[in-house]
Protein chains: 2
Amino acid sequence: MDIAEELAKKQKEISVAEFFEKNKQILGFDSPQKSLVMAVKEAVDNSLDACEEARILPEIYVEIIRVDKDEFQLTVEDNGPGIVRREVPKVFGQFLYGSRFHSVRQTRGQQGIGISAVVLYSQLTTGKPARIVSKISNEDVAYYFEIMIDTIKNRANVLKEEPIIVNKKSGVKIQVNLKGKYVKGKQSVLEYLQNTAIVNPHATIIFSDPDGLKIRFERAWNTPVEPPKETKPHPLGVEIGELMQMTSRTGAKKLKTFLTGDFSRISDHLAQEICNVSGLDCNLDPHSLKLDDLKRLHEAFKKVKILPPSFESLSPIGETLIKKGLKNVLGDLKPSFYSIPVTRKPSVYSGNPFVVEVGLVYGGSIPHDEQVKVLRFANRVPLLYQAGSCALTRAVENIDWRKYGLEQRGGEGLPVGPMIVLIHLGSTRIPYTSEAKEAVAEIPEIMDELDLALKESARQIKAFLIKKEVKAKLTEKFFLVQKILPKIAEKSSKMLNKDIPNLDPVITKIMNVLWIEENVKQDGKNAVVDVNVSNFTPEVKNFTLYADIPDGKVDGKIMPFGEYDENKDYIKWYISTMRPMEKITFNFRLRDLKGEYGETVYYIEGTDPVHVVGAEPLPGDWNLEALKSIIEEEEEEENGEEQV
Amino acid sequence: MDIAEELAKKQKEISVAEFFEKNKQILGFDSPQKSLVMAVKEAVDNSLDACEEARILPEIYVEIIRVDKDEFQLTVEDNGPGIVRREVPKVFGQFLYGSRFHSVRQTRGQQGIGISAVVLYSQLTTGKPARIVSKISNEDVAYYFEIMIDTIKNRANVLKEEPIIVNKKSGVKIQVNLKGKYVKGKQSVLEYLQNTAIVNPHATIIFSDPDGLKIRFERAWNTPVEPPKETKPHPLGVEIGELMQMTSRTGAKKLKTFLTGDFSRISDHLAQEICNVSGLDCNLDPHSLKLDDLKRLHEAFKKVKILPPSFESLSPIGETLIKKGLKNVLGDLKPSFYSIPVTRKPSVYSGNPFVVEVGLVYGGSIPHDEQVKVLRFANRVPLLYQAGSCALTRAVENIDWRKYGLEQRGGEGLPVGPMIVLIHLGSTRIPYTSEAKEAVAEIPEIMDELDLALKESARQIKAFLIKKEVKAKLTEKFFLVQKILPKIAEKSSKMLNKDIPNLDPVITKIMNVLWIEENVKQDGKNAVVDVNVSNFTPEVKNFTLYADIPDGKVDGKIMPFGEYDENKDYIKWYISTMRPMEKITFNFRLRDLKGEYGETVYYIEGTDPVHVVGAEPLPGDWNLEALKSIIEEEEEEENGEEQV
């Protein structure tokens, strides 16, 4: 018989459950230790999501009991809204079944896979069914289920289903036996729960470990988090094929209503504009659009001005929690510098809004000879595994940290030095590299945002380091020159009964520095910055001073002497002649500040940097504009690349 | 209404195609550059598998044409057996449909996902259908299809299906348009094809790139590869839950026939033994077994002696190809050392046989200041992405390479130094971390084998380095002491007309070394090794000499003087008194050697190592046994851990 026929006979459909049964590592269940963490994670994440959706303050009980050398019994119980009886088997016993897959808003679970994976792994390794109790508030009785998964059909196999009385308003309790290995410390259940508690301060989590030790993570906030609002896909980044589907599946009869109704950020007015730009009639039936029409529509999205997505569908963790997260890992370590956490504006990849947040601590007693620690969070879930191929780690590796006093071979790879970085990615759809949800894929748009957020934080380190160095240099000479000399002169001249000599030549000789000192007068979100420049050198100076300031913070309206460049976000002063001992003060205004401001970096051009204190030499072959384009190129190169 | 009810209303099933449509990064399609490589990879892997199954020498044509700024047309055509008409839509237009999922043997594709992923990504990014032509040998006409995927149903949507005439015996041709970015060099289509050609020397691959440049990878072998044989699951590592399913699904009526029929490596005799050990009756109906019975059966598997799996279901790439693979990346680099490639015995994880192979080159002109390069292959497929969280890379990171002249902070992480490693994992089921098949999960059993294979290779470096050092030291003194001195003595004594003095005290003073030199007389797979020990010191020596030899190579039958320890694989000689200038020669025999032997490492104990040439000091606080246990502990710790 023909070989092709033979092969054809072997062809068959595989159920998704069967697929995962044979590939449990894809779900993250690849070692006993990891499997235990995964199981806890999936159950707790579900509980947190459910409570948030019901605006309930979560109280979650996690218990792990050792029943045998390598078999554990895991129980996770919450006070969420519960799951209605008819849904329980599907939710726990069927893959790709869930409520959040199609909703465009930030939640922890999204795939409809996680908890079924726990049930599958449990039955695979112990042959025992999962036990589930669910109670909803408007019924008096709860229901108890024993469920296994029929992997060939990808359907729940309900072994037992009976009403029981539980004395609580509502909630879900799941109990499974599974093969595992219980460890403490790195990548442990405890680490996961601890980090979860930090970024979910509205939750109380109680953990009873295999030794019967009870650990309570008390809630710090007593108001439930507002669940992020649902939104429509953002027009930017939607692939042509997705657009094709949206038009074929939409209920809208007219192109215009399709645009305004099925996308976020498209007003009637904008819809009209898009139609004009694409040369399509607003009243066309979207279902009738051909590939070419769709292409024009797709192009038009890029040509018109669309607002970035709003925060509504996202829930960043914010400054306070970022700082808390960092403090927590610090323990007794005392860093010399805390960055002001950076929260970027929301951005989009394939229509999905996302936001990047970064905070870091630096220096002090943080070990100088270890790789920097990267704390990764995605939608408020700590990521403990697969750091090596996670976009959040890779973004750190792609930055040249050598300028910030860190050691980094070739300017790439995880640097070594006194730094801990916390990164949170919030998105309506986290692009995980696998169903295990352990690492984020390197989507170019996300890599760009991560890069910018990290550089914004790194710039703070730079400013800090420069100021430190300046202080050192100052204290050294200042006292002597400014205070002692004049006194000596005065005294000695008195004794000798002569006029006090002009000390300027002496002072400038000794100091021989062009001295730039900033003085920030901050009032809440606004500040006035005085820049005092003193010429403590014997020569007449002629130079250009740059103040490089974070995007959008400069209040450019009042700008005496200074030239302000909107696009480059720096102020430039040109000083044509500055005599010895002369002192000039410039000033500028800042707005929209967060925390205590100290991020200006000063650059100087046109004079020997050796004799300058308080400003960096402007690197010979570039100006700030060039620098920015260089950075962009780097980003270009970095996208899509990985270390081999 | 109750919140639980509200949530229930949102609950729904998701088709696997829909899931992947929204998570294309899980399939590896996360950046335009990577997507293009993925598409080529999936198509070529399928072609190679099909040809192997039909014992056809593969000739594969790959063409990429740029049709727009970021849109490419990819064509892959093979001379395989073709796909029968009725199967084409399912094979290309439906996820989780395939022929190899349930077969226990080494193939590239296994999931029934890859090629459908290409079709999905293509329609998603260009809105265009995939074009497929298939011809099978016993039909005169081929069929042309235009296929898109109905993601909601996970079914093929056939837009066109018509007979056409093609003048070839059989084969498949697929053509898709997709959004991509074409690059050269690292992680490029070309790199993938090149590496594929190396480990598939029976295939001819022709590549026409977007610039119309044609590159031919000519086949080096003219015999088709025997496809690995199908086998049954190996009893070891089968989870209790899997066992439960096997018993419920088996056709066997009796436990004994179930054991012999549904597993590999279980003979009638062994089946009987297993029944006895587990205390179960051989004639029991396997379908009737309860959880407790299964547990006892499961335990019995571990108690009886089961042969490791055979190579039949696996196809290692072997010494020649490993060397070729390394040569290829070397280019003009000249390493000073080529390791003898290591191919481990087949092992098992959850019933799946696998084999690990490692080869490496070291030193010479390989850059000393770059991270070592790791070439990863799984089932003869080069892995280009996600190195950071791939078991193959992690295993390298977990070894302390500092002893081998490489730089490695804290003895972990990818080392820096002059080394290139090639690792191949062959298995009936590669445990990929995701459907993208880019990285291997850190399954403990696999990590162990990788670790052993790498250490076996590393030991070769060590032996090499020691010999190098010895040579250096020898040449330095040898000439002077052994040749010149006696001559001088002779001459001068002649002139002075005196007896030739006894030079021993002089020589031993100058040399002052205990000198160990090995001399290998090899004859094919066997060798006799002479170990010459000379006491060129002024003192009487008393010490123990160890020869550490690779597992199972020692022919322990003839062993004069030496004590041979089977388990520890080393030979031990105790020398109680050795006078100055005394010389002793030991010897031992080796068997089953591969290539030129030079892997013995000599250790010495009981004398000052400073005065020893040719042997390493036996680390104070350990002996080889301890060392081995230490290594095991390390493995323990390493399992399941990742860098955070």
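The values are calculated or read from the model by the stated rules, or taken from the named source; none is laboratory data. Predicted, not measured: the structure shown is a model, and the values here were computed from it. Note: ideal-geometry Cβ built from the backbone for every residue, glycine included; neighbour counts use all protein chains shown.
Let me spell it out: the conditions are (1) touching a residue at least 60 places away in the same chain (Cβ under 8 Å); (2) more than 10 Å from every other protein chain (Cβ to nearest Cβ); (3) among the acidic types (Asp, Glu), and residue A:397 meets all of them except one. Which number is the exception?
Looking at each condition in turn, residue A:397 falls short on (2).
Give the range B:303-326 a look and list any residue that's buried (at least 20 other Cβ atoms within 10 Å of the Cβ) and closer than 13 Å to residue B:345 by Cβ, or say none.
B:309, B:314, B:316, listed by residue number.
For the range A:146-177, which positions are facing chain B (nearest Cβ under 10 Å) and touching a Phe, Trp or Tyr at 6+ places or on another chain (Cβ under 6 Å)?
Scanning the range A:146-177 gives a single hit, A:154.
Can you tell which of A:456, A:469, A:445, A:397 is closer than 30 Å to residue A:515 by Cα and within 17 Å of the chain's Cα centre (by Cα)?
Working: A:469 fails: within 17 Å of the chain's Cα centre (by Cα); A:445 fails: closer than 30 Å to residue A:515 by Cα; A:397 fails: closer than 30 Å to residue A:515 by Cα.
Criteria check complete, one pass: A:456.
With respect to residue A:551, determine if the residue is modelled with pLDDT under 85, under 34 Å from the mean Cα position of the chain (by Cα) and either in a loop (DSSP other than H, G, I, E, B) or not charged (D, E, K, R) (or both).
Answer is yes for this residue.
Scanning for something surrounded by fewer than 16 Cβ atoms within 10 Å (Cβ to Cβ), at pLDDT below 95 and under 30 Å from residue A:443 (Cβ atoms), does the range B:158-181 turn up at least one residue?
Within the range B:158-181, not a single residue is surrounded by fewer than 16 Cβ atoms within 10 Å (Cβ to Cβ), at pLDDT below 95 and under 30 Å from residue A:443 (Cβ atoms).
Give the number of residues within the range B:132-145 that are away from chain A (no Cβ under 12 Å), under 38 Å from the mean Cα position of the chain (by Cα) and either assigned to a loop (DSSP other than H, G, I, E, B) or farther than 13 Å from residue B:89 by Cβ (or both).
Qualifying residue count, the range B:132-145: 1.
For residue B:41, only one of the following conditions fails: (1) within 26 Å of the chain's Cα centre (by Cα); (2) assigned to a loop (DSSP other than H, G, I, E, B); (3) among the basic types (Lys, Arg). What is its number?
Unmet condition: (2).
Here's a check for you: in the range B:120-131, which residue that is within 14 Å of chain A (Cβ to nearest Cβ) and within 19 Å of residue B:85 (Cβ to Cβ) is surrounded by the most Cβ atoms within 10 Å (Cβ to Cβ)? Let's see the steps before the verdict.
Restricting attention to the range B:120-131, the residues satisfying the condition of being within 14 Å of chain A (Cβ to nearest Cβ) are B:120-130.
After this cut, where a residue has to be within 19 Å of residue B:85 (Cβ to Cβ) as well, the list is B:129-130.
Values: B:129: 22, B:130: 26.
Restricting to residues being within 14 Å of chain A (Cβ to nearest Cβ) and within 19 Å of residue B:85 (Cβ to Cβ), the top hit is B:130.
Only one of A:91, A:62, A:76 is within 13 Å of chain B (Cβ to nearest Cβ) and not charged (D, E, K, R). Can you tell me which?
Values: A:62 fails: within 13 Å of chain B (Cβ to nearest Cβ); A:76 fails: within 13 Å of chain B (Cβ to nearest Cβ).
On inspection, the qualifying residue turns out to be A:91.
For the range B:77-121, how many residues are over 30 Å from residue B:311 (Cα atoms), acidic (Asp, Glu) and not in a helix (DSSP H, G or I)? Before the answer, list the steps.
Let us first name the residues in the range B:77-121 that are over 30 Å from residue B:311 (Cα atoms), namely B:77, B:84-90, B:92-95, B:116-121.
From what is left, the residues that are acidic (Asp, Glu) are B:77, B:87.
Next, from what is left, pick out any that are not in a helix (DSSP H, G or I): B:77.
Residues that pass the stated criteria total 1.
Could you grab me the full set of residues in the range B:250-288 that are farther than 22 Å from residue B:103 by Cα, among the β-branched types (Val, Ile, Thr) and buried (at least 21 other Cβ atoms within 10 Å of the Cβ)?
B:274
State yes or no: is residue B:185 within 14 Å of another protein chain (Cβ to nearest Cβ) and under 28 Å from the mean Cα position of the chain (by Cα)? Spell out the reasoning first.
Values: within 14 Å of another protein chain (Cβ to nearest Cβ): yes; under 28 Å from the mean Cα position of the chain (by Cα): yes.
Spelling it out, residue B:185 is indeed within 14 Å of another protein chain (Cβ to nearest Cβ) and under 28 Å from the mean Cα position of the chain (by Cα).
Grab the helices (runs of 4 or more DSSP H) fully contained in the range A:208-281, keeping just those with 1 or more residues being within 14 Å of chain B (Cβ to nearest Cβ), farther than 19 Å from residue A:303 by Cα and free of Cβ contacts under 8 Å to residues at least 24 places away in the same chain.
Working: elements: A:240-249, A:255-262, A:268-278.
Of the helices (runs of 4 or more DSSP H) lying wholly inside the range A:208-281, those with at least 1 residues that are within 14 Å of chain B (Cβ to nearest Cβ), farther than 19 Å from residue A:303 by Cα and free of Cβ contacts under 8 Å to residues at least 24 places away in the same chain span A:240-249.
Filtering the range A:188-206 down to residues that are in a helix (DSSP H, G or I) and among the hydroxyl-bearing types (Ser, Thr, Tyr), which residue is farthest from the other protein chains (Cβ to nearest Cβ)? Steps first, please.
Within the range A:188-206, the subset in a helix (DSSP H, G or I) is A:189-199.
Subset that is among the hydroxyl-bearing types (Ser, Thr, Tyr): A:192, A:196.
On the way: A:192: 12, A:196: 15 Å.
Restricting to residues being in a helix (DSSP H, G or I) and among the hydroxyl-bearing types (Ser, Thr, Tyr), the top hit is A:196.
Between A:278, A:350, A:288, which is in contact with a Leu (Cβ under 6 Å, 6 or more places away or on another chain) and farther than 30 Å from residue A:220 by Cα? Explain how you work it out, then say what you get.
Values: A:350 fails: in contact with a Leu (Cβ under 6 Å, 6 or more places away or on another chain); A:288 fails: in contact with a Leu (Cβ under 6 Å, 6 or more places away or on another chain).
Unique residue meeting the criteria: A:278.
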